[in-house]
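The values are calculated or read from the model by the stated rules, or taken from the named source; none is laboratory data. Small disclaimer: the values here were computed from a predicted structure and weren't measured. Here the Cβ positions follow ideal geometry from the backbone for every residue, glycine too, while neighbour counts run over all protein chains shown. With ligands, DNA and RNA removed, areas are computed over all heavy atoms of the protein, side chains included. Shrake-Rupley method; radii C 1.70, N 1.55, O 1.52, S 1.80 Å.
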Amino acid sequence: MPVILDSYSESNQDNSFTFQTGSPSGFGQSFDAGGGGVLNSASLYLKKNGSPGGIIRFFIYAHTGTYGDTGVPTGSILATSDQINASALSTSFALVNLTFSGGNKITLSASTKYFLVLDTASITGSGSDSVGVGEDASSPTAGGNIASFFSGAWHAFTGSTQDLPFYVYRDDAVSPSSSLSPSSSISPSASDSPSFSVSPSSSGSPSASISSSPSSSYSPSASNSPSSSVSPSSSPSSSPSPSHAQFELGIMRVAKDGKSALNNPAPTDLKFSSEYGTLKYFTKQAVHVQFTADPAVGVNSGKGSYSHNLNYYPYCEVYVSVNGGDYEYCPFAGSGATLLYSANVIISKTKIDVYGEVSGIDSSVWTFDFLIFVFKNDLHLS
Amino acid sequence: MIHPEFKVAKIGKRADSTNPNDFIFHSDYNTFKIIREDTKQITLAASTSDQSFTVPHNQIFIPLITAYAIQSGIAQVFLPNSVNIDSWGPKLGWTSTGVRFNYVKSDATNITFNFDNSNGTTIVVSVRFFVLEVVN
């Protein structure tokens, strides 16, 4: 199954561009190749209006300029997709996925910007006959920007006020030189699969023992393969030190019982896959909030904080126990005969604030015991 | 019968431990895979409660979703089933900005975010959502 390198969801589409004969001869969206890989296919959100002619195909270009603002394609076409007739488009917006084949299956470099360009020069039509390209024209949040080719040059849509929904995919292929060989795939269902563990010694240096046959070999990864470090550090969030052993693997998967890690399994068949992100546990903190309710006051509340100091909004999960009761997922609200109580959490770039609140007739001491689980994952909100 | 395992122990722990909390990774236990994460920008209608917005999750199963919201111009993130807090006092409790993130849910096709906006003007919120494991 192809893997997404970069994308901007079609759910953001709220407007469109139309192309027909005489339109700009190229129109595209810049993207980030992420972890890189062999180009598989790409999608744009397209439709036909009336009866356009010509063909639909995509180009990949190198990128120059400031990504997300003045970026434009540069140089020669790096890759050309397969094509379909414009007449084959739906009359409603739909993702149109075109494959890059043969010599056009170029390797996109990791963390490198490129342009996905629609060959609008090959679209024909006039009057009401055109091809529509979906766009987001209301404060879009794609990382790249649009560029258009006309009057002999590329022109960027600066200021990132418009973005095109798109997807760029890489191959999911596992090459023999860059990954675990099929004989060493990790699948609990295989009777001859390897069993191995990595266990650090008391000095902090991990030792690795592989108890299976020599067929479970690990070769260095190719440039498009993610690295998997199995060297633990004192803090789960910090990078491993150079003194710790590191394994460079290709795509690494661990299948669930009765499932296979091979042949493009669904994520639901896997316990782990390096193709998907994980929640990177950072810390668990307990915050105790206590206050005495005053029946003369309508609302009584308390507040606590944990300073994570990560300088970004982290993924977190919070649970709260009220007056020693069961832990419940926070935010939440509960009630008694004469009162309401609730707990809330607010995340900032440096701390997590937790609140407990009681309203109604009550004069007892209230305790809100919060458990805050913080993960290193950045919410990328601003 | 061979029971293959792949385990990575925490520092100071051994890979032959029987306590799952001694491991960074253990192949006997599922990991929550972030199958997809994305940001949805939403414009809340003025003075309107129970506003729903959907995003296709593009999965063949009903996924577990977590979501976090941030209101334009306010530097804090809030979670479903809560209001965005504007101010707080021990005897007054919290005061809301007028925006409430009621819930996030998923079905076979879509993720749904539901908000209230009691302000007399439209409010823009960005929602970061994570498509995690299968629910059904």
Inspect all residues belonging to segment A:57-64 and state whether any of them is hydroxyl-bearing (Ser, Thr, Tyr), out of contact with any Asp or Glu (no Cβ under 9 Å at 6 or more places or on another chain), more than 20 Å from A:Tyr169 (Cβ to Cβ) and open to solvent by 40 Å² or more (accessible area, probe 1.4 Å).
yes
Scanning segment A:269-279 for residues that are within 21 Å of A:Gly36 (Cβ to Cβ) and in a loop (DSSP other than H, G, I, E, B), which turns out nearest to the chain's Cα centre (by Cα)?
A:Tyr276
Read through the list (1) more than 7 Å from chain A (Cβ to nearest Cβ); (2) small (Gly, Ala, Ser); (3) touching a Cys at 6+ places or on another chain (Cβ under 9 Å), then give the number of the only condition that B:Ser82 fails.
(1)
So which of A:Val365, A:Val354, A:Val287, A:Val345 ends up being open to solvent by 40 Å² or more (accessible area, probe 1.4 Å) and aliphatic (A, V, I, L, M)?
A:Val365
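Let's see how each residue does on (1) among the aromatic types (Phe, Trp, Tyr); (2) more than 27 Å from A:Gly334 (Cβ to Cβ); (3) at pLDDT 95 or above:
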| residue | (1), (2), (3) |
| --- | --- |
| B:Lys33 | no, yes, no |
| B:Asp38 | no, yes, no |
| B:Asp50 | no, no, yes |
| B:Ser72 | no, yes, no |
| B:Phe78 | yes, no, yes |
| B:Ser82 | no, no, no |
| B:Trp88 | yes, no, no |
| B:Lys91 | no, no, no |
| B:Val99 | no, no, yes |
Would you confirm whether or not segment B:37-55 contains a residue that is at the interface with another protein chain (Cβ under 9 Å from one of its Cβ atoms) and under 30 Å from B:Pro4 (Cα atoms)?
no
Cβ-Cβ distance below 6 Å, separation of 6 or more or different chains: which pairs start in segment A:262-286 with a residue that is facing chain B (nearest Cβ under 10 Å) and end on one that is β-branched (Val, Ile, Thr) and in a strand (DSSP E or B)?
A:Thr268/B:Val134; A:Lys271/A:Val254; A:Phe272/A:Val254; A:Glu275/A:Val3; A:Tyr276/B:Ile34; A:Gly277/B:Ile34
Select from segment B:47-79 the residues that are part of a loop (DSSP other than H, G, I, E, B) and over 16 Å from A:Ser348 (Cα atoms) and write down the one among them that is most open to solvent (accessible area, probe 1.4 Å).
B:Ile60
Test B:Phe130 against the criterion of being within 22 Å of A:Gly277 (Cα to Cα), among the aromatic types (Phe, Trp, Tyr) and crowded, with 16+ Cβ neighbours inside 10 Å, and give yes or no.
yes
Search segment A:290-301 for residues being open to solvent by less than 40 Å² (accessible area, probe 1.4 Å) and in contact with an Asp or Glu (Cβ under 8 Å, 6 or more places away or on another chain), and hand back the single one that is nearest to A:Val374 (Cα to Cα).
A:Ser301
Which one of the conditions (1) assigned to a loop (DSSP other than H, G, I, E, B); (2) surrounded by fewer than 17 Cβ atoms within 10 Å (Cβ to Cβ) does A:Pro265 fail to meet, given that it meets all the rest?
(2)
Tell me which of these A:Ile55 doesn't satisfy, since it passes every other one: (1) at pLDDT below 90; (2) in contact with a helix residue (DSSP H, G or I) (Cβ under 8 Å, 6 or more places away or on another chain); (3) under 20 Å from A:Phe157 (Cβ atoms).
(3)
Restricting the search to segment A:290-315, which residues are within 9 Å of chain B (Cβ to nearest Cβ) and under 12 Å from A:Val354 (Cβ atoms)?
A:Ser301, A:Gly302, A:Lys303
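Yes/no matrix, rows are residues, columns are (1) of a type outside the set (Val, Ile, Thr); (2) open to solvent by less than 40 Å² (accessible area, probe 1.4 Å):
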position	(1), (2)
A:Val3	no, yes
A:Ser9	yes, yes
A:Asn15	yes, no
A:Thr21	no, no
A:Gly26	yes, yes
A:Gly34	yes, yes
A:Ser43	yes, yes
A:Leu46	yes, yes
Return the residues of segment B:1-24 that are within 7 Å of chain A (Cβ to nearest Cβ), assigned to a strand (DSSP E or B) and open to solvent by less than 50 Å² (accessible area, probe 1.4 Å); say none if nothing qualifies.
B:Phe6, B:Lys7, B:Val8, B:Ala9
Of (1) facing another protein chain (nearest Cβ under 9 Å); (2) part of a loop (DSSP other than H, G, I, E, B), B:Thr121 satisfies all except one. Which?
(1)
Only one of these is touching a strand residue (DSSP E or B) at 6+ places or on another chain (Cβ under 7 Å), open to solvent by less than 20 Å² (accessible area, probe 1.4 Å), among the aliphatic types (A, V, I, L, M) and in contact (Cβ under 8 Å) with a residue 24 or more places away in the chain: B:Val99, B:Val124, B:Val104. Name it.
B:Val99
Of the listed residues (A:Tyr312, A:Tyr327, A:Tyr306, A:Tyr319), the one being touching a Cys at 6+ places or on another chain (Cβ under 8 Å) and open to solvent by 20 Å² or more (accessible area, probe 1.4 Å) is A:Tyr319
